[in-house]
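A.B. asks: Take a look at the following structure, please.
The values are calculated or read from the model by the stated rules, or taken from the named source; none is laboratory data. Bear in mind the structure is a predicted one, so any value in this text is a computation, not a measurement. Because the Cβ atoms are built from the backbone with ideal geometry, glycine has one as well, and the counts that use them run over all protein chains shown. Note: accessible area is taken over every heavy atom of the protein model, side chains too, but ligands, DNA and RNA are not part of it. Shrake-Rupley method; radii C 1.70, N 1.55, O 1.52, S 1.80 Å.
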Amino acid sequence: MEKQTRTLVIATKNEGKLREFKAVLEPLGFSAVPVGDIDAAIAEPKETGMTFAENAALKATYYMDKTGYSCLADDSGLIVDVLHGRPGVYSARYAGPQHNDADNNAKLLAELSGVPAEKRTARYACVLVLARPGRELLTAEGTCEGIILNTPAGDNGFGYDPYFYIPEKGKTMAEMSLAEKNGLSHRGKALRKLTDLLR
Ligand SMILES: O=P(O)(O)OP(=O)(O)OP(=O)(O)OC[C@H]1O[C@@H](n2cnc3c(O)ncnc32)[C@H](O)[C@@H]1O
Ligand SMILES: [Mg+2]
């Protein structure tokens, strides 16, 4: 019973997200198991929602139904002001369905070409949904403000992190350790809210 309630299946196929989840959840006594370890054959659901919240709920419910476990899903993305919120919910597939970080970053830079630094404001947003058999969904969200650089810096993180600069820290998210990123990121904030709800 104890173990059952403390195991969280992480409903993501993204290794970068999984690393961040484990770093926050495991010290709090949760065992964070990627859904691929439960059943590698489960196909990814189509993310048909128009919002992060809809897609996070869709993924959490889908994987709970497939596995029978409590499943924690994350839907997140990059919101760029001068691009009217793009890529937003399409962040993973901005440059096409292949989910390629390099292609997505190249497209982002092309869209921002000629835009001066002061107009390159952006934020990351994350919505987490925990689906538990027979219970209501739990939701938590977080955001993190930054500026989109023209040249990448750092090798940590994933996705848009080498271009996502945090002025207060004087570095990009890809220049931060896992712990430092989790301390201020959209996902870290959402995760702390969610684990508070579980106490
Ligand atoms: O759906 P799952 O399987 O969780 O994995 P995914 O990568 O497809 O995840 P999303 O559908 O939520 O798309 C989120 C995209 O937004 C970007 N993103 C989100 N959080 C990020 C972060 O912390 N650092 C860099 N890029 C991030 C990145 O391109 C992600 O692929
Ligand atoms: Mg996805």
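A.B. asks: Being under 16 Å from the mean Cα position of the chain (by Cα), under 20 Å from residue 136 (Cβ atoms) and surrounded by fewer than 17 Cβ atoms within 10 Å (Cβ to Cβ) is the requirement here; does residue 7 meet it? Outline the logic, then answer.
C.D. replies: Values: under 16 Å from the mean Cα position of the chain (by Cα): no; under 20 Å from residue 136 (Cβ atoms): yes; surrounded by fewer than 17 Cβ atoms within 10 Å (Cβ to Cβ): yes.
Answer is no for this residue.
A.B. asks: Here's something else I'd like to know. Please tell me if residue 72 is over 13 Å from residue 159 (Cα atoms) and not in a helix (DSSP H, G or I).
C.D. replies: yes
A.B. asks: When segment 82-94 is examined, which residues are found to be in a loop (DSSP other than H, G, I, E, B) and either within 10 Å of ligand 1 (Cβ to nearest atom) or over 18 Å from residue 164 (Cα atoms) (or both)?
C.D. replies: So in segment 82-94, the residues in a loop (DSSP other than H, G, I, E, B) come out as 84-86, 94.
The answer is 94, and nothing else.
A.B. asks: Residues being away from ligand 2 (no atom under 16 Å from the Cβ) and either assigned to a strand (DSSP E or B) or open to solvent by less than 30 Å² (accessible area, probe 1.4 Å) (or both): count how many of those fall in segment 10-57.
C.D. replies: 6
A.B. asks: Filter segment 98-119 for residues that are among the acidic types (Asp, Glu) and out of contact with any helix residue (DSSP H, G or I) (no Cβ under 7 Å at 6 or more places or on another chain); which is surrounded by the most Cβ atoms within 10 Å (Cβ to Cβ)?
C.D. replies: Result: 101.
A.B. asks: Restricting to segment 127-142, name every residue that is over 19 Å from residue 25 (Cα atoms) and in contact (Cβ under 8 Å) with a residue 24 or more places away in the chain.
C.D. replies: 133
A.B. asks: Keeping to segment 58-69, report how many residues are open to solvent by 40 Å² or more (accessible area, probe 1.4 Å) and either within 11 Å of ligand 1 (Cβ to nearest atom) or in a loop (DSSP other than H, G, I, E, B) (or both).
C.D. replies: 4
One line per residue, one yes/no per condition, for (1) of a type outside the set (D, E, K, R); (2) more than 9 Å from ligand 1 (Cβ to nearest atom):
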| site | (1), (2) |
| --- | --- |
| 21 | yes, yes |
| 28 | yes, yes |
| 41 | yes, yes |
| 44 | no, no |
| 73 | yes, no |
| 80 | yes, yes |
